[in-house]
Amino acid sequence: MTDLALFRQETRQWLDAHCPEEMRLPMSEEDICWGGRHFTFRSAAQKAWLEVMAARGWTVPGWPKAYGGGGLSGDEQKILNEEMARINARPPLQSFGIWMLGPALLEFGTEAQKRHYLPQIARGEIRWCQGYSEPGAGSDLAGLQTKGVDQGDHFAVTGQKIWTSYADKADWIFCLVRTEPDASKHTGISFLLFDMESAGVSTRPIKLISGASPFCETFFDDVKVPKDQIVGERGQGWTIAKYLLTHEREMIGASDNALFAKTDLVADAIQSVGVNEDGHLDDPMLRAELGQFLIDEICFDAHMQMSGAYMRAGHELGARSAELKYLGTELNKRRQSLRVSAGGADDLVWEGTANSAGQAAKDWLRAKGNSIEGGTSEVMLSILSKAVLKLPG
Amino acid sequence: MEVLSEDHKLIAEAAQGFLKAGHGVEAFRALRDAGDDKNAALRSEIAGMGWMGILLPEAVGGVDFGYRAAGLIAEAMGRNLTISPFLSSAILAATVLRAVGGTALQHWGPRLAEGQVTMALALEESTKHRPDRIATTLAETASGLRLTGRKGFVVDGGAADRLIVVAKQGGACVLVLVDPAADGVVVTEQFMLDHRNAATVAFEDVALAQADVLAMGAEAEAALAQALAAGRAVAAAEQLGVAKAAADQSFDYLRTRKQFGVLIGQFQALQHRAADLYCELAQADSLVAAALNALDAGSDDSELLTRAAKAKLARVGRQATEEGVQMHGGIGMTDAMDLGLFMKRDRALSEFLGDAGHHTDWILRHRGI
Ligand SMILES: Cc1cc2nc3c(=O)[nH]c(=O)nc-3n(C[C@H](O)[C@H](O)[C@H](O)COP(=O)(O)OP(=O)(O)OC[C@H]3O[C@@H](n4cnc5c(N)ncnc54)[C@H](O)[C@@H]3O)c2cc1C
């Protein structure tokens, strides 16, 4: 047996033995384990699953073992994913630490920072939020004004962030701050890490069209950030921010993005619309639209597979993460629109028992943010037209 | 984004290099202007490189490089608008012969691989692709086997040495090999919008021998299904080449044409459409590769993937060629530019072996609706 075949066999046995039955059921957004100081587990099984996976380094299977990871190769990670998918195992932990900060620290952090922060992320002990956007700096992110004044041993941070996802639930923030007031727009920014319990930090949740309040306005009033909590050099924050964004976009675009609330559209449609005597969905236009969607979904899945293999072969996606982000999020918007169309009046129910009891409508509304968060579709297309197609500025 | 093997990389580079050098769009124009829709001279050259036997076993003179390799060659042919019997003979006919095996493969395999003969698939009987509606019949009579019926859109049928005809015998599918010069066969050549040849063929009580029957019943159905899957995937690969070539010309134009004192590529309205097209081409590329790889692996999802690829390319090919003309403005409408040539080839490939609607419908049925 090859090493990989052996790895698959061992992984399959281990998952069978250790993944609780409850953790193999379909999940909704509320079932996501985000970890952190204040996280309340929804069940004993959820907690046990996190602990046993973290102990093996499999919450972050690709990270080095020294930092709490599993030290798996690309091929081994693919096998682990496939074996988890085979039994519908839920991801034991999801977090901005895993998706965004971790990769940036692995690339730009000092050895001490990696040893300190990464294992906490891997074990789900510290939950991170992302302090990028400001009221005046969204797509034009480098126009950010939150300032960090040099006070000798620390920076004093003052300003406002907005759309900070889960800021009210997060323990720490990775934050873009203007520390070099005399430098140019892009070279005056630093990448700082600090505790959300620091004096001077406050958050105010924002209610969304879906009714949920996953993100906040975040205020900093003279927050003390020790100087060893800077990642990279002073003024290097934009480079790190962009690197992190490529990972964020890869994650958002990915077809296995758990936030995409994927359901079996065909089964949904059969259930609500029914099938006519020809054996066709009893709504020809919906059927036609669904057909086009299915083709595009098959196509995008194939593209994700190819990009996975591309990265396992050692290539960086770079600007092409914008391509996956654009395609994946636009596709998910179509998916959710079709889902509520198929549901018809039943999916107009906001609270109640019909159909998905309002979940489809909420997922549909949530999906509208997919092509905004992490950089809008327009920004993705602009990036591609310049970085990949080399069209003139 | 596919990571090609070293072998596949070499094949792709060799194909593009060879075709661009002597059989590119300029050569295509020369053939068209001379009214030559067959490009017979190319056949022995590409046979010499193994392309005509790309899917045939080595035992009958093929190189057996597989579907992915065939797709890479077809993509280069799409880019260069190369006129050749590759799709009809090296893909469709070779796949049928390979599937039926036996003496037919022994006899015709080497001739196909060496480029001595070409074959065309006579399948369609209506203007849209309906492989399940066949009225052409093979009958057992007192004087032997007789074939009667009428076929259309027989691609490369005007030049083929043999026709593989899909017919019915007592309700069962049957594949027969017919010499177009035989008594009762009337071949009417059609010069198509993409400057290729296709034919309508009438069979009026054509006498056939038992040896002309390639396969019957389930065996014939399986061989036809395999050939159609291969043909669709390789046609999608050619269409990808056409679409990429059209897109590349348009992207170049955005970098060079000036209006209002600036390069038109500075207009965001065009940048975003160009970037959207680029994304669509990138994912279509992955799907075509996945479909061809699935055929090579013989995996269960190969039919689903080849049909999805064919349907997807019909849309992306249209997007690429239509955007190409639009982004060029008036000059895009001229025959002097290549965009119209790409658009016409794209159109023909979209219809060939089933359009987007045909395959989308199949996928919906396959999913139970
Ligand atoms: C669900 C969700 C979660 C989020 N989570 C976080 C988070 O955790 N942390 C964080 O920092 N931020 C977060 N964001 C914020 C997100 O990154 C910004 O909303 C996004 O970058 C867009 O900025 P904006 O909202 O200011 O819109 P604007 O930049 O004002 O854009 C408005 C419109 O103008 C278009 N536009 C802007 N500039 C251009 C241009 N140059 N060319 C063409 N069109 C343009 C945009 O595409 C958009 O359609 C989140 C957003 C959402 C929706």
### Query
How big is the charge dipole of the protein assembly as shown about its Cα centre, in debye rounded to the nearest 20, if each Lys and Arg gets +1 on its Cβ and each Asp and Glu gets -1 on its Cβ?
1180
## Note on the structure
At the level of C-alpha centres, the distance separating region A:183-202 and region A:59-96, in angstrom, is 31
## Note on the structure
With A:Gly124 itself left out, Lys, Arg at +1 and Asp, Glu at -1 over residues whose Cβ is under 12 Å from its Cβ give +1
### Query
Which Rg and Dmax, in Å, describe the Cα atoms of region A:122-190?
13.0, 40
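How would B:Met77, A:Met304 line up from fewest to most surrounding beta-carbon atoms within 10 angstrom?
Details: B:Met77 26, A:Met304 21.
Sorted ascending by nearby Cβ count, the order is A:Met304, B:Met77.
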#### Entry: Two-decimal Rg to Rh for chain B - Kirkwood Rh, Cα set
0.99
#### Entry: Total charge dipole magnitude, region B:246-313, about the Cα centre, Cβ charges on Lys, Arg, Asp, Glu only, Debye to nearest 20
540
### Query
Working from the pairwise distances between different alpha carbons, so that the mean of 1/r is found and then inverted, what is region B:1-102's Kirkwood radius in Å?
14.2
## Note on the structure
Tilt, helix A:321-343 to longest principal axis of chain A (alpha-carbon atoms), in degrees rounded to tens, equals 40
### Summary
In Å, the Kirkwood estimate of hydrodynamic radius for region B:234-301 over Cα pairs equals 13.7
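Under 9 Å from the Cβ of A:Val340, count the other residues' Cβ atoms, weight Lys and Arg +1, Asp and Glu -1, and hand me the total.
Details: positive: A:Arg339; negative: A:Asp347, A:Asp363.
Around A:Val340, the surrounding residues sum to -1.
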### Query
What base-10 log of the normalised intensity I(q)/I(0) is obtained for region A:60-132 from the Debye formula, alpha carbons as equal point scatterers, at q = 0.12, 0.14, 0.16, 0.21 Å⁻¹?
-0.34, -0.46, -0.59, -0.94
### Task
Mind computing the radius of gyration and Dmax over the alpha-carbon atoms of region A:186-337? Å is fine for both.
21.8, 71
### Query
Projected onto the charge dipole of the protein assembly as shown (+1 at Lys/Arg Cβ, -1 at Asp/Glu Cβ, origin at the Cα centre), which of B:Ala120, A:Phe191, B:Leu92 gives the Cα projection farthest towards the positive end?
A:Phe191
### Query
What base-10 log of the normalised intensity I(q)/I(0) is obtained for region B:71-222 from the Debye formula, alpha carbons as equal point scatterers, at q = 0.15, 0.19 Å⁻¹?
-0.76, -1.23
#### Entry: Most mobile listed residue (A:Gly235, A:Gly97, A:Gly136) in chain A, GNM with C-alpha springs under 10 Å
A:Gly136
### Query
Given region B:219-366 reduced to its alpha-carbon atoms as identical point scatterers, what log10 I(q)/I(0) does the Debye formula return at q = 0.13, 0.14, 0.17, 0.19 Å⁻¹?
-0.60, -0.67, -0.89, -1.03
### Task
Starting from the Cα of A:Lys114, draw a straight line to each of the aspartates and glutamates and keep only those under 18 Å, dropping any in the same chain fewer than 8 residues away.
A:Glu125, A:Asp171, A:Asp195, A:Asp228, A:Glu233
### Task
Identify, among B:Ala199, B:Tyr253, B:Ala21, the residue whose Cα sits farthest towards the positive end of the charge dipole of chain B, taking +1 on the Cβ of Lys and Arg and -1 on the Cβ of Asp and Glu, with the dipole about the Cα centre.
B:Tyr253
### Query
Can you tell which of B:Ala34, B:Ala294, B:Ala199 shows the greatest fluctuation in a Gaussian network model of chain B with Cα springs below 10 Å?
B:Ala34
### Query
Could you state the principal axis extents of the C-alpha atoms in region A:254-388, from the largest down, to the nearest angstrom?
49, 34, 24
## Note on the structure
Heads up, region B:93-157 by the C-alpha gyration tensor (a ≥ b ≥ c square roots of eigenvalues; a/c under 1.5 rounded, else a/b over b/c prolate, else oblate) looks oblate
## Note on the structure
The Cα extents of region A:128-235 along the principal axes, largest first and rounded to whole Å, are 43, 28, 21
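In peptide B:166-172, what is the residue-averaged number of other protein chain Cβ atoms found within 10 Å of each Cβ? Don't skip to the end; give the middle numbers.
Working: counts 0, 0, 0, 0, 0, 0, 0.
If you average over the peptide's residues, the count of other-chain Cβ atoms is 0.
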### Degrees between helix A:284-312 axis and first principal axis of chain A (Cα, 0 to 90, nearest 10)
50
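What whole-number volume per residue, in cubic angstrom, does the convex hull of the C-alpha atoms of region A:18-141 give? Please list the in-between numbers first.
On the way: hull volume 17.1 nm³, N = 124.
Convex hull volume per residue, Cα atoms: 138 Å³.
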### Query
Short version: ³J(HN,Hα) in whole Hz for each residue of region B:204-209, in order, from phi by Karplus 6.51 cos²θ - 1.76 cosθ + 1.60 (θ = phi - 60°), x for Gly and Pro, what are they?
10, 6, 7, 7, 10, 9
### Task
Compute the acute angle (0 to 90°) between the alpha-carbon long axis of helix A:74-86 and the principal axis of greatest extent of the alpha-carbon atoms of chain A; round to the nearest 10°.
40
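Order of B:Phe251, A:Phe215 from fewest to most other C-beta atoms within 10 Å?
The order, fewest Cβ neighbours first, is B:Phe251, A:Phe215.
Mind putting a number on the dipole of chain A about its Cα centre? Charges go on the C-beta only, +1 for Lys and Arg and -1 for Asp and Glu, and I need it in Debye to the nearest 20. Let's see the in-between values first.
Details: 41 positive and 53 negative charges, 164 e Å.
So the magnitude is around 780 debye.
Kirkwood Rh, region B:54-131, all Cα pairs: how many Å?
When all Cα pairs of region B:54-131 are included, the Kirkwood radius is 13.2 Å.
Evaluate 2.2 N^0.38 Å with N set to the residue count of chain A, then give the Cα radius of gyration divided by it. If you can, show how the numbers build up before the last one.
Numbers: Rg = 22.0 Å, N = 393, 2.2 N^0.38 = 21.3 Å.
Normalised Cα radius of gyration, chain A: 1.03.
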### Task
Go through B:Leu295, B:Ala230, B:Ala30 and say which Cα lies farthest out towards the positive end of the charge dipole of chain B; charges sit on Cβ, +1 for Lys and Arg, -1 for Asp and Glu.
B:Ala30
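How long are the three semi-axes of the equivalent ellipsoid for the protein assembly as shown, computed from the Cα gyration tensor as the root of 5 times each eigenvalue, in whole Å, largest first? It would help to have the intermediate numbers written out before the result.
Numbers: eigenvalues 603, 173, 116 Å².
Sorted largest first and rounded, they come to 55, 29, 24 Å.
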### Task
Kindly put A:Lys386, B:Lys151, A:Lys114 in sequence by how many other C-beta atoms sit within 10 Å of each C-beta, fewest to most.
A:Lys386, A:Lys114, B:Lys151
### Task
Using only the C-alpha atoms of region B:128-209, find the volume of their convex hull and express it per residue in Å³.
82
### Task
Determine the sum of side-chain charges near B:Arg232: Lys and Arg each +1, Asp and Glu each -1, restricted to other residues whose C-beta is under 9 angstrom from that of B:Arg232.
+2
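Computed from the coordinates by the stated procedures, all read-outs in this text should not be read as laboratory data. Everything numeric in this text was worked out from a predicted model, so none of it was measured. Neighbour counts run over all protein chains shown; Cβ positions are idealised from the backbone, glycine included.
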